[in-house]
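Peer 1: Can you keep this structure in mind? I'll have questions shortly.
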Amino acid sequence: MNEFRGKRSAMIVGAGVAGLTAAAALARAGWQVEIAEASRDRATAGWGLCLTGPSLRALDALGLADACLAEGYGMSVITHVDVDGIPSDRVELPRLIGARRPAMVGIARPQLHRILHAEAERCGVLVHHGLTVNSIDPQQALVDVRLSDGTDRRVDLLVGADGIRSSVRGLLGFETPVDYLGQMVWRALVPRPAWATGIHQFAGKVNTAGIVPISGRHAYVFLTENGVQPNMLPEAELASRLADLLAVFPGRVEELRALASASDSIVRRPVHTVLLSGAWHRGNCVVIGDAAHAPAPQMASGAALAIEDGLVLAEELKRHSTVERGVEAFVARRAQRCRTLVRTSVTISGLEQAQRHSEAYPLGDACHRRMAEPA
């Protein structure tokens, strides 16, 4: 049995956004931290994401916001465009890390992952690739963990940060469905048009499209395809199929269609959500990030919840005399906020599919304002 001496110890399962943030925050607070990551290398899926104000606020507390701003593309405005190609709504998001810094940043996933990974390693976190957890046995004040390589750990804290299809969630007995919302999301990496200085979202008669800058040179075009089954398409057909779906949009989407058609980096993924309605914790074990609360992408806030989780978990463990009380306080502090965000994203998904965009826009704006409140 391998056991850390002298420091409180944590085993985190998953080296994604939630896991790496939690690892860095705990290590900064004096914990000895290991991460078990199932993938055999540091490769990440997807091209880009948005770090909204709450994400940047949490990253700023870790000293990482400016690194993300330097690698990504700072923005403060979301522009909604109606089915005729005419701008209909402009949302200025709150600047949570100072008036001179943007409200959010679009960033390539590999760049964000590199920043978080480097910080975790700088803080002394050990990251083991090609490794996951086979069994978890919570004891009175410790957790016995059997890893997939046959080795054991006895730790003070076990954190499941292993995503929407979390194996840790199942090992802890937390049953919850992974819901498909009837949408497939497309993303294509493209050169950034000069006019794309913020997020643009275009309402269509059937689907929704848009563009998100992720650096001075690049952006990703997205399309939300409504009312389809979560089937797979041959990779060779993705570019032509995406071009067909974008062809019905007027105005600036015609330019985006040309860029997307020439892209050799296109992905198509189903919109799934998860929301644990009961406990997130059992003894000194807890699940965080998408393992506990995976929203639909309409609020662009999945990363925000994951990053906040990591920081808040470390804060609550520092405030309480036992790990179990700290974990309980963490869940109590996070549950309503995360529930609101996930449910709002699901509602907006439904409004999009019903072509009720005029109701979806103010709902999203109100939720961003609520998320701007302290975590």
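Peer 1: Does region 246-258 include one or more residues that are part of a strand (DSSP E or B), under 26 Å from Leu181 (Cβ atoms) and touching a Lys or Arg at 6+ places or on another chain (Cβ under 6 Å)?
Peer 2: no
Peer 1: Give the residues of region 138-168 that are among the polar types (S, T, N, Q) and either modelled with pLDDT under 95 or surrounded by 24 or more Cβ atoms within 10 Å (Cβ to Cβ) (or both), sorted by residue number.
Peer 2: Gln139, Gln140, Ser166
Peer 1: Would a scan of region 66-79 turn up a residue that is in contact with a Lys or Arg (Cβ under 9 Å, 6 or more places away or on another chain), at pLDDT below 95, surrounded by fewer than 22 Cβ atoms within 10 Å (Cβ to Cβ) and among the β-branched types (Val, Ile, Thr)?
Peer 2: So far as region 66-79 goes, no, none of its residues is in contact with a Lys or Arg (Cβ under 9 Å, 6 or more places away or on another chain), at pLDDT below 95, surrounded by fewer than 22 Cβ atoms within 10 Å (Cβ to Cβ) and among the β-branched types (Val, Ile, Thr).
Peer 1: Can you confirm whether Ser321 is in contact (Cβ under 8 Å) with a residue 24 or more places away in the chain and not charged (D, E, K, R)?
Peer 2: no
Peer 1: Does region 280-299 include one or more residues that are of a type in the set (A, V, I, L, M), more than 30 Å from Gly30 (Cα to Cα) and part of a helix (DSSP H, G or I)?
Peer 2: Yes: one or more hits.
Peer 1: For region 154-206, enumerate the residues that are outside the structural domain of Gly216 (by TED's automatic domain parsing), without any contact (Cβ under 8 Å) to a residue 60 or more places away in the chain, assigned to a loop (DSSP other than H, G, I, E, B) and aliphatic (A, V, I, L, M).
Peer 2: none
Peer 1: Can you pull out every residue in region 312-338 that is within 23 Å of the chain's Cα centre (by Cα) and loosely packed, with under 15 Cβ neighbours inside 10 Å?
Peer 2: If the condition is that a residue be within 23 Å of the chain's Cα centre (by Cα) and loosely packed, with under 15 Cβ neighbours inside 10 Å, then Ala332, Gln336 are the ones that fit.
Peer 1: Look through region 14-62, keep the residues that are in contact with a Lys or Arg (Cβ under 7 Å, 6 or more places away or on another chain) and of a type in the set (A, V, I, L, M), and return whichever of them is modelled with the lowest pLDDT.
Peer 2: Filtering region 14-62 for residues that are in contact with a Lys or Arg (Cβ under 7 Å, 6 or more places away or on another chain) and of a type in the set (A, V, I, L, M), the one modelled with the lowest pLDDT comes out as Leu49.
Peer 1: Quick test of your reading of the structure: Ala188 fulfils all but one of (1) under 21 Å from Ala22 (Cα atoms); (2) buried (at least 20 other Cβ atoms within 10 Å of the Cβ); (3) small (Gly, Ala, Ser). Name the failing condition by number.
Peer 2: Condition not satisfied by Ala188: (1).
Peer 1: Continuing with this model, one more query. Name the residue, out of Ala45, Ala25, that is touching a helix residue (DSSP H, G or I) at 6+ places or on another chain (Cβ under 9 Å), touching a residue at least 60 places away in the same chain (Cβ under 8 Å), under 22 Å from Glu121 (Cα atoms) and not in a helix (DSSP H, G or I).
Peer 2: Ala45
Peer 1: Can I ask one more? Return a yes/no flag: does region 39-47 have any residue that is in contact with a strand residue (DSSP E or B) (Cβ under 6 Å, 6 or more places away or on another chain) and among the aliphatic types (A, V, I, L, M).
Peer 2: Scanning region 39-47, I find no residue that is in contact with a strand residue (DSSP E or B) (Cβ under 6 Å, 6 or more places away or on another chain) and among the aliphatic types (A, V, I, L, M), so the answer is no.
Peer 1: Let me spell it out: the conditions are (1) touching a helix residue (DSSP H, G or I) at 6+ places or on another chain (Cβ under 6 Å); (2) over 22 Å from Phe174 (Cα atoms); (3) not hydroxyl-bearing (Ser, Thr, Tyr), and Ala300 meets all of them except one. Which number is the exception?
Peer 2: (1)
Here's the yes/no breakdown for (1) closer than 30 Å to Val81 by Cβ; (2) in contact with a Gly (Cβ under 9 Å, 6 or more places away or on another chain):
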| residue | (1), (2) |
| --- | --- |
| Arg268 | yes, no |
| Ala291 | no, yes |
| Leu311 | no, no |
| Arg319 | no, yes |
| Ala332 | no, no |
| Gln336 | no, no |
| Ile348 | yes, yes |
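Peer 1: Which condition number does Ala296 fail, the rest of (1) modelled with pLDDT under 95; (2) within 21 Å of the chain's Cα centre (by Cα) being met?
Peer 2: (1)
The values are calculated or read from the model by the stated rules, or taken from the named source; none is laboratory data. This is a predicted model, so every value here is computed, not measured. Reconstructed Cβ throughout: ideal geometry from the backbone, glycine too, with neighbour counts over all protein chains shown.
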